[in-house]
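Contents: one structure, followed by commentary.
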Amino acid sequence: MLSYVLISSVVIFLLSSLYSFFNIGAERADILHLEVRKIDQYLPKITWKEDGNEGREMYEQTLNNIENDYLDAWYIKQMAYRNNSTEGVDDYFTENARKNLFNFIEYNKKENIRIESTTLEHNPDILFFSEDGQLIVLEDKNVIQYKKVLKDNKTLMELTEKSDYKMILLAEDGFWRVRHLVKENTVEFDKTINAPSFDVSTIKGINYYPQATPWKMFGESFDVEIINNDFKIIKDANLNTIRIFVPYEEFGKAKVIEEKLVKLNSVLDTAEKNGLKVIVTLFDFYGNYDTVDWTLNHRHAEIIVNRFKNHKALFAWDIKNEPNLDFKSRGKERVTAWLEHLLIAVKKMDPNHAVTIGWSNTESAAILKDKVDFISFHYYGDYKNFESAYDKLKEEAPNIGIVLGEFGTSSYSGLWKPIRNSKKKQATYHKEMQKILTLKNIPFLSWTLYDFDKIPREVVGRLPWRTQPQKKFGFIDKKGNKKPSFEHISK
């Protein structure tokens, strides 16, 4: 009898605990298939139309809940079509709404079709909120959506469209589910960028990192006095522009860290004080390009661009440094689509400054030539071949400014360089390059002011025959002495 009573008590206790969990204290994130809210996965730009609604009064917390559940439903739907999986759909769509989704997924699975997509902008308006707080009629106009349809992992179609939607949301189990969703109108998204022309012909510049903190300029060792002294050297060398880099993850990705923005502002202020213009390169050390990341990338750019678009030192935005190096690993189509949409987004945020892309060579530099405000390319080959490479690029893009965004050579002479370089050869390289740049009136930014002690492995890996030469591209050595090449740092 005692054993029976004990077992019965344990069973009753467990059942009551489960009941309490699911009906009283259960966290939604604990019972969902996908914890959408808990991490930043999908953050499209959302702008609510503030003209009131018919029916019950809307409280701010209620609106926040609606927004979260509505966007989560979009995200889950996109993931379902991407992976041909029904995981998580039950939590954001009613039983009736799920039928069409499941049928579509089943068809795509049979045909080996999948859809990579994301939405970039939403403009919802609540048309009706029922008196009992259980039903919402919502309109979402001018939804910008990018789609890529693949069959057997080959692209069938790629498009960006602007659409109007109407939907009904029902309150079930404490959150909002999509009951009905209809696309009412759709047009192809206009990718035209109307921008004023920008004169880049006067650029004489250099890519800049402090000597002690290459590729970690905005880290714990940030020192504005060191930067100020370096900017004086640059200005005194008859240069007028610097190019700097914003590391994507270090700056906080979609939620940019305020401390980093303050440091970036100090750099821009210091440049202005020294009479230098600044090209800010976004998305350094970023290499995913997947549509899953797009909304996060756009929020990252939005925060930085809106913060500094009125700064007097700003000359241009460089979307990404050498993205064509990722063509092989990520796919040219994917990288180019990502670049194009960010170009459009940044120009929309800041129509008053030039926007470019820092291509690693002349072969890729004409890609998106009709979207950028000037072409920027890098060259690390033999100076004897530079002029012909430039002329070929100019033929491909005759009606747009072209900037040599990086160039240089190492003065390293040691074990890991069989054909030895020297400071003298480095000086000759820059002397000859400046002759060509002057003859052709080519604006330029050289690489780089200083030799460095250490090169992060993310830059060129760990192999010594790559890292050792990379340390000695500077015009000034590690001890602060000007190398012979410094005489040819400018025209």
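The values are calculated or read from the model by the stated rules, or taken from the named source; none is laboratory data. On a predicted model such as this, the values are computed, not experimentally measured, just so you know. Heads up, the Cβs are rebuilt from the backbone with ideal geometry, glycines too, and the neighbour counts pull from every protein chain shown. Just so you know, the surface numbers come from the protein's heavy atoms only, side chains and all, with ligands and any DNA or RNA stripped out. Shrake-Rupley method; radii C 1.70, N 1.55, O 1.52, S 1.80 Å.
Here is how the numbers come out for the structure above:
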| quantity | calculated |
| --- | --- |
| Ellipsoid equivalent to segment 337-402 - semi-axes via the Cα gyration tensor, in Å | 25, 11, 10 |
| Accessible area of segment 347-412 belonging to carbon and sulfur atoms, whole % at 1.4 Å probe | 44 percent |
| Relative compactness, the chain, computed as alpha-carbon Rg over 2.2 N^0.38 Å | 1.20 |
| Compactness relative to 2.2 N^0.38 Å, alpha carbon Rg of segment 153-197 | 1.87 |
| Evaluated at q = 0.16, 0.18, 0.21, 0.26 Å⁻¹: base-10 log I(q)/I(0), Debye formula over Cα of segment 135-212 | -0.83, -0.91, -1.02, -1.14 |
| Approximate spin-label separation residue 235-residue 440, in nm, with each point projected 7 Å along Cα-to-Cβ | 3.1 nm |
| Helix 2-20 axis, angle to the chain major axis (alpha carbon atoms, nearest 10°) | 60 degrees |
| Calculated P(r) tail over 23 Å for segment 308-449, as whole % of Cα pairs | 43 percent |
| FRET efficiency for residue 491 and residue 48, using Cβ-Cβ distance with R0 set to 51 Å, rounded to 0.05 | 0.45 |
| Hz values of 3J(HN,Hα) by residue in segment 207-221 - Karplus curve (6.51, -1.76, 1.60), Gly and Pro given as x | 6, 10, 9, x, 4, 7, 9, x, 6, 9, 4, 9, x, 5, 8 |
| Principal axis box of segment 124-163, alpha-carbon based, largest edge first, Å | 49, 20, 7 |
| Partners for residue 332 among lysines (Cα-Cα distance below 20 Å; same-chain residues under 8 apart left out) | 147, 148, 151, 154, 191, 320, 369, 371 |
| Carbon and sulfur %, accessible surface of segment 69-143 computed with the full protein complex present, 1.4 Å | 43 percent |
| Sparse-neighbour loop sites [trypsin sites (Lys or Arg not before Pro); segment 258-360; at most 12 other C-beta within 10 Å; DSSP] | 312 |
| Spherically averaged projected area of segment 245-398 from its Cα convex hull (nm²) | 9.7 nm² |
| Volume in Å³ per residue [convex hull over Cα atoms, computed for segment 85-226] | 286 Å³ |
| Label-point gap, in nm, between residue 109 and residue 154 - each point 7 angstrom along Cα→Cβ | 2.5 nm |
| Degrees, to the nearest 10: 386-396 long Cα axis against longest axis of the chain | 50 degrees |
| 1.4 Å probe accessible area per residue over the chain, in Å² | 49 Å² |
| Tilt relative to the chain, helix 291-308 - C-alpha long axis, 0 to 90 degrees, to 10 | 60 degrees |
| Kirkwood Rh and Cα Rg combined as Rg/Rh, segment 180-262 | 1.20 |
| Counting DSSP beta bridges with both ends in the chain, the antiparallel % (nearest 5) | 55 percent |
| Cα-only Debye scattering, segment 256-334: base-10 log of I(q)/I(0) at q = 0.12, 0.15, 0.21 Å⁻¹ | -0.41, -0.61, -1.00 |
| Virtual spin-label span in nm between residue 466 and residue 199, 7 Å along Cα→Cβ | 4.2 nm |
| Protection proxy ranking of 404-413, 464-473, 391-400 - average other beta-carbon atoms within 10 Å, highest first | 404-413, 464-473, 391-400 |
| Gained length - residue 327 relative to residue 212, 0.36 nm times residue gap less alpha-carbon distance | 38.2 nm |
